[in-house]
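Right, one structure below, let's go through it.
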Amino acid sequence: MNLDATKNDIPQEELPRGIPMSIPNECPRRFTTGFLAVFLSVFMVQGSAWADSRLSISSMSATAHAENWGNSAECPSNIASSQLVASGRSAVTAACGSGANKDCNSKVVTVRCNALVGMGGGPATASLDVEWVSSSNWGQRISCPDGKVITSICGSGANPDCSGKTAAIQCSRIAVAMPGFGSGGWQGMNTTTKNSTWSSTANWGGTVTCPPGKVATGFCGSGGNKDCQGNVIELRCSHIDFK
């Protein structure tokens, strides 16, 4: 063997151990680059999908009533329909309000409450960070803070019957089902209110219903007159998006 021979002169089968063969390194580089590109693409799509996620409204619903002025019509939890049970507290999607009389089938307030559906089709609940928002004058519009939905409504007649206020709404933040997470497996979500519109009725005993996919986030109630811009009641209906 020629001792002056260089590495490149030695056949590969005779290369001593420890001397790397001359192998192009493009393959690992291409694999790494391709993997990162796929990973980032999937991550960005996944992130975009989560960012664009919106609270859905189930067809499963229940009705709640307020028998007397100053009482609240409060949405229930665990709405059952046939053999199905939608866990989590529901939210208002339609309402009937009275003035000086009990106009809603002899009730002061009647609300329809629908079960909520979170990201990925799992159950959601409107039960976190509960707070009341109230009005001091008939015909005054009141709205929940950003990202919260109405879970209960109190209406007045000729007097400010809702603890000295003319109307009050209970507003709650959304949580989604996360098995094994925290108390009861519910994870609070950052949400925002989008595409809000006001719906109304000018008829005593009439019902205001939010458009499909929207939930109530604001309310206006009347006393003895049609105080809500000539209407008996108004509902602000909104999409709720997950941030």
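Laboratory data are not the source of any read-out in this text; all were calculated from the coordinates shown. Quick caveat, the model's predicted, so the values are computed rather than measured. Quick reminder, even Gly has a Cβ in these numbers, built from the backbone with ideal geometry, and neighbours come from all protein chains shown.
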Step through the residues of the stretch 155-166 one at a time and calculate ³J(HN,Hα) from phi using the Karplus curve (6.51 cos²θ - 1.76 cosθ + 1.60, θ = phi - 60°), rounding each to whole Hz and writing x for Gly and Pro. x, 10, x, 7, 10, x, 8, 8, 6, x, 10, 7
Separation between Cα centres of the stretch 169-243 and the stretch 116-160, rounded to whole Å: 6
Using amide H atoms built 1.01 Å from N in the peptide plane, name the residues 5+ places from Ile233, or on other chains, whose amide H lies under 5 Å from its own. Thr201
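Based on the alpha-carbon set only, what is the convex hull volume of the stretch 143-217 divided per residue, in Å³?
Working: hull volume 9.9 nm³, N = 75.
Each residue corresponds to 133 Å³ of Cα convex hull volume.
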Could you bin all the Cα-Cα distances of the stretch 94-243 into 5 Å bins starting at 0 and give me the percent of pairs in each, rounded to whole numbers? 2, 11, 19, 22, 18, 12, 9, 5, 2, 1, 0
Which far-off residues, 5 or more places away or on another chain, put their amide H under 5 Å from the one on Gly213, with H placed in the peptide plane? Ile57
Out of residues 5 or more away from Gly205 or on other chains, whose amide H comes under 5 Å of its own, with H placed 1.01 Å from N in the peptide plane? Gly97
Place the peptides 161-168, 132-139 in order of packing, highest mean first, counting for every residue the other Cβ atoms within 10 Å and averaging per peptide. 161-168, 132-139
So if we plug the beta-carbon distance of Ser106 and Asp146 into 1/(1 + (r/R0)^6) with R0 = 35 Å, what FRET efficiency do we get, rounded to 0.05? 0.45
Picking from Ser238, Gly121, Ile153, whose Cα lies most toward the positive end of the charge dipole for the stretch 85-243 (charges on Cβ: Lys, Arg +1; Asp, Glu -1)? Gly121
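So how much slack lies between Ser196 and Asn71, counting 0.36 nm per residue of separation and subtracting their Cα-Cα distance, in nm? Display every interim value, and only then the final one.
Working: separation 125, 0.36 × 125 = 45.00 nm, distance 2.69 nm.
That pair, Ser196 and Asn71, stretches by 42.3 nm at full extension.
Could the peptides 151-157, 67-73 be put in order, highest first, of the mean number of other beta-carbon atoms found within 10 Å of their residues?
Details: 151-157: 26.1, 67-73: 17.4.
Result, highest mean first: 151-157, 67-73.
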